[in-house]
Structure formats: C-alpha cells, structure tokens
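Comments concern the structure below.
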C-alpha cells in the first residue's frame, strides 16, 4: 500500500457510490475501480461493514481498489441477482434477531434467521421487542427459550427503556452489530433508543396484522457514543437460506448429532436399520415437529443452492459471449 492508499470502512452503499470512513479523513465517498471489479472481478463488491483499500481524493470521489478479507458475511437468497445472493452486511460481531410481542412472533421464522446467521462467525441473540404492549410477555419468553434453549433471549421495550442495558452490554466499542427482523418489528425505534438521539426515521404499524412499512431503504452504519457500531438494514419478511447447512446443524443440533450416529451416512430416517433419529423419535427424546422443520429447511437450502449454481453458470456463459466493451 503506497502513501496515497488508505484503509477505510464502507458505512453505506448508494447504487454506484460508497460512503467511506476512516479516523483520519472522516466520512467521504468513493467509486469502484472498474478494471479491478467490473472487468477482472478480482474482488467481491463491497457491502456495508467491509474494509477496503482506496486511493483517497480530498477533492472528489476516492477510488476503491480492493475489498479486504471478511471475517463474517451475511447474505440472503435473491432470485433477481445473477448469483442468487444479496449481501446484507460484512464483518459483523453480534447479530440481534428481532421479533415483536404481537402477530410478528413466529418460531419457524426465528429458526430460519438463526440458521442463516449461524452460518457466519457471529454471536446471535434474540430480542423480543415491544414488551410494554404484551399482556403476558413471559409467555413469549417461555416459548422462545423452550424452543431454542441454546440461544439467549431478551425481552425489551425501546419505548420505556426496559432491559435495554442488557443489549448495550453486548455492543462493545469497535464492534459491529446488526439488527435483523421484519418490517414494523421496531428496529429503528430501538436504534434511536440505544443511540440516545433520533438517528432513524420511525413509522407505525398496522394494528390488525402488526406489519409495518420499510423505514430503512439501504444498509448503513450508525456510530454510537460508546464507540460501538450498528448496521441497520431494511425489514425482511423472510430470510431465505443460502449455503446454510452448517447453520442448520447448529440450530438443530439435536438432529444433526443424531444423524452422525446413524448406521448409514445417507440415512433418510425412514425405515433404514440402525437409524438413530428414528430411535430418538420412538423414545421421545426428539419430536416429529423438530425433525420435520429441519428437513423442510434443509430441502430449501439445497434447492436454493442448486438454483443458484444454475443461475451462476448461465450468467458466466452470457458474460463469456459478451464483448468486454459492452459489459
């Protein structure tokens, strides 16, 4: 890295321009070096949370030369993308999965989020928001903790400040957190409460179904007074699984551990002899509901991975046919 090249963090993505930050120069904008990204495809396109090497230009847009290696990368399935993947955030240390104490509360959706997030090297915590509006918040807590005993679950109220200190304790200086959840779950209200100031626009929800409108339209980094960083992302009704087999194994650890004990490595857990999964079902240590959900999400992950591979293959063939000048 020469004297004009510096390391910066991507704090927001705006179409073809990137908001960057480093301690020396503060915030500024940059654009990709086309020969490195669009043509040679030497590096993945930067996302919020990425660290990049750029040629800093104090008089205009800097030039982003390289995306540095990521320690974690959260992505979701996107049927409209050439790779079938939509980047959400990079280099995340703590993932908060939000569900509210109303119609939004859904254990299957929580499993899906957990499986996707556990695929990466980040710690996960479930937050049940809007505790002040629930008639029986303990019922929500019991349901989540009983179903996911290996995950910390915290009920909070951004409106009253109840138990927000437990969330702040997990947000360390210099560490990056991300809040994931459906629209209307209260992410923007929570970020404002944690920041102690109005940094995000807040919209209400429809009372009949507890759904909200998107308040965040792009992924951006927010700096808190204690030095912690938060990536706020648009609300997502679902987080489809992509390359998440390891995350599934961690989320459904009881099933994945039993699979290792089956006599046959390709056991379908139906009528095969020596099936540890069937034995667990019979003795009651595993429920049919848990096995069915694991199989459903596993099939989804395999289908998405297969579709992604087909789409990537088609995209690469088209790129090879297209002259460089027309790309």
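Here, each number is a calculation from the coordinates, and none is a lab measurement. Note that the structure is predicted; figures quoted are calculated from it, not measured. All Cβ positions, glycine included, derive from the backbone under ideal geometry; neighbour counts span all protein chains shown.
Computed values, structure above
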| read-out | value |
| --- | --- |
| Distance from the range 152-194 to the range 112-142 (C-alpha centre basis), Å | 11 Å |
| Ordering of 104-113, 19-28 by packing [mean C-beta count within 10 Å, highest first] | 104-113, 19-28 |
| Sorted peptide list for 225-231, 46-52, 287-293, criterion being average Cβ within 10 angstrom, highest first | 46-52, 225-231, 287-293 |
| The range 1-75 and the range 251-285: distance between their alpha carbon centers, rounded to Å | 47 Å |
